[in-house]
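Below is one structure, written out as structure tokens; comments come after it.
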Amino acid sequence: MNLVDRYGPTVAALVGGVLAAFAVRESEVLDHTIAAKDGLSGVLVTPQWAGTVAAVVAVTALTVLLRLRSGVWAAATALVGAAAIGVPAVVAVATEPAVTLNAVGAGLMLGAAAYPAVGRRAPLVALTVGVLATTVFFGVARVWRVPAPRWSVTLPGDPVYVPVTVPLPVLAVAVLVLGGVALTTRRVESGAGVRPTVVGVVLPVVFLVLYTAWGSTESGPVSWTVAAGLAVAATLAGAWVLPAPEGRVLLVGLAAAAVTVRQVHYAETAWWWVLGGLVALVAGVMLGRRYPMPAVGMALLVLVTATGLLPDGGIVDTVTTTAYTLMLPGALGLSVASVLSTNTADPPVVVSAALLPLTMTFFAVSAPLAVADYGWSNGYPTSKSGPMVTVDSPLPIGIVIGTVTAVLATLAFIGRSDPDRIRVFARRAGR
């Protein structure tokens, strides 16, 4: 076994996962909450739409590649995906079509990256960790760059043309890596099951419908709670109809989506928090690979989410910051590595689970927020001194629903991990 065949799929999976998640997060329109007031047309520029398109395209592309079993087609898929992402760097593309085009490209590249990872545990771990870590800690990108001016609400006949989400040199390198690995790696004879593929495609569409109907940023707390609750129920049902290994992977993705109910923002001086989080992530992955403890990782995700229920101020802020910057990456790495190191799950479910924080945006995007309190300014800039890390929080109902979701995902995970115990409990209950 040569080095490319041994390590290539892992490198390609990590590169593809990070790039795809970054492209989707970077495409977020700054005024999508205002555009949402336009109804159905406004949904086409929301993070929910971008995540849904990316997930459906990724699962579909991977399923087709598994049927074709051709490295040439996988390399071509990566090339087409990079071209779709890079179009705005060559021609002018308005905001609305750019969001969809970018999501299609991200989905194609993710599908191409997942193809060599099929049947290999380490590459599947790298793919999932790459997507989840980039999604959850996208705020780190603010340390070295300013968000691009992506606006959708403009005057008639005066569209805004958006820049590319990923620089062309980075896309070129990614295509070389993904294409080279796909062409040279020994293929593992494995196909995609019908149920995993159906769940991977249907769930994001269900989330989009629920978001549009009741769970957008324009929805009230009651409507949002109904939408989020139905989305969680649909995910639990999907995990239940899948085989146990695939169901457990999906439940890890559900807990990861719930923890995004709070968002982390880093100041320029917070580099050592970022470094600490990276170390915790790597340590969690290594620990999970050596000593699989998925239930422990899931329990830590519950604790991190529940920190939002603590009162603000004083030592509590330090606890929350530590939980989201150090404990969360370690918990993600531990959960993902543990569940994928003990079972080889169907690839479409792994991709779908990794993208859950992007397809189930009820927590990260549309959780009810408190009314903003604006004030007057003298026009002079204020002092740049402030906390190095801040953790945004929605209304308490958002934290409660997020925590309950993480708890339900953990309990369901434990149930799917030991079905014999569940049967014993069922017999005792029936006596």
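The values are calculated or read from the model by the stated rules, or taken from the named source; none is laboratory data. Since this is a predicted model, take the numbers as computed values, not measurements. FYI the Cβ positions are ideal-geometry reconstructions off the backbone, even for glycines, and counts take in every protein chain you see. For the accessible areas, the whole protein counts, side chains as well, though only heavy atoms, and no ligand, DNA or RNA atoms are used. Shrake-Rupley method; radii C 1.70, N 1.55, O 1.52, S 1.80 Å.
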Within segment 223-260, can you find the residues that are surrounded by fewer than 18 Cβ atoms within 10 Å (Cβ to Cβ) and under 27 Å from Thr320 (Cα atoms)?
Gly229
Would you call Leu340 of a type in the set (A, V, I, L, M), open to solvent by less than 30 Å² (accessible area, probe 1.4 Å) and at pLDDT 95 or above?
no
Kindly evaluate Arg25 against the criterion of being surrounded by 20 or more Cβ atoms within 10 Å (Cβ to Cβ) and either basic (Lys, Arg) or in contact with a strand residue (DSSP E or B) (Cβ under 8 Å, 6 or more places away or on another chain) (or both).
yes
Quick one: would you say Val146 is without any contact (Cβ under 8 Å) to a residue 60 or more places away in the chain, touching a Leu at 6+ places or on another chain (Cβ under 7 Å) and either outside any helix (DSSP H, G or I) or surrounded by fewer than 22 Cβ atoms within 10 Å (Cβ to Cβ) (or both)?
no
From the list Ala234, Ala255, Ala239, Ala227, pick out the single residue that is over 16 Å from the mean Cα position of the chain (by Cα), in a helix (DSSP H, G or I), farther than 12 Å from Thr361 by Cα and in contact (Cβ under 8 Å) with a residue 60 or more places away in the chain.
Ala239
Within segment 43-63, residues open to solvent by 10 Å² or more (accessible area, probe 1.4 Å) and under 15 Å from Gly81 (Cα atoms) come out as Val53, Val56, Val57, Thr60, Ala61
Residues of segment 263-322 that turn out to be assigned to a helix (DSSP H, G or I), within 23 Å of the chain's Cα centre (by Cα) and not aliphatic (A, V, I, L, M), as a count
15
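Conditions (1) in contact (Cβ under 8 Å) with a residue 60 or more places away in the chain; (2) more than 18 Å from Arg262 (Cα to Cα); (3) in contact with a Cys (Cβ under 9 Å, 6 or more places away or on another chain), marked per residue:
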{"residue": "Gly277", "(1), (2), (3)": "yes, no, no"}
{"residue": "Ala283", "(1), (2), (3)": "no, yes, no"}
{"residue": "Met286", "(1), (2), (3)": "no, yes, no"}
{"residue": "Arg289", "(1), (2), (3)": "yes, yes, no"}
{"residue": "Ala295", "(1), (2), (3)": "yes, yes, no"}
{"residue": "Leu300", "(1), (2), (3)": "no, no, no"}
{"residue": "Val304", "(1), (2), (3)": "no, no, no"}
{"residue": "Leu309", "(1), (2), (3)": "yes, no, no"}
{"residue": "Gly313", "(1), (2), (3)": "no, no, no"}
Is segment 266-281 home to any residue that is modelled with pLDDT of 95 or more and under 23 Å from Thr405 (Cα atoms)?
yes
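Residue by residue, here is whether (1) closer than 18 Å to Ala13 by Cα; (2) β-branched (Val, Ile, Thr) holds:
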residue: Leu287; (1), (2): no, no
residue: Ala306; (1), (2): no, no
residue: Pro311; (1), (2): no, no
residue: Ile315; (1), (2): no, yes
residue: Thr320; (1), (2): no, yes
residue: Thr342; (1), (2): no, yes
residue: Asp346; (1), (2): yes, no
residue: Val349; (1), (2): yes, yes
residue: Thr361; (1), (2): no, yes
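Given the criterion at pLDDT below 90, within 23 Å of Val252 (Cα to Cα) and not acidic (Asp, Glu), identify the matching residue among Val129, Val118, Val143.
Val118
Quick check: anything in segment 194-203 open to solvent by 30 Å² or more (accessible area, probe 1.4 Å), under 30 Å from Leu369 (Cβ atoms) and of a type in the set (Val, Ile, Thr)?
yes
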Residue list for segment 78-95, restricted to those being crowded, with 19+ Cβ neighbours inside 10 Å and in contact with a strand residue (DSSP E or B) (Cβ under 9 Å, 6 or more places away or on another chain):
Pro88, Val93, Thr95
Kindly evaluate Glu246 against the criterion of being more than 23 Å from Val129 (Cβ to Cβ) and acidic (Asp, Glu).
no
Candidates Arg120, Arg69 - the one that is open to solvent by less than 50 Å² (accessible area, probe 1.4 Å), in contact (Cβ under 8 Å) with a residue 40 or more places away in the chain and of a type in the set (Lys, Arg)
Arg120
If I ask for residues that are surrounded by fewer than 24 Cβ atoms within 10 Å (Cβ to Cβ) and of a type in the set (Ser, Thr, Tyr), which ones from segment 96-116 would you list?
Thr100
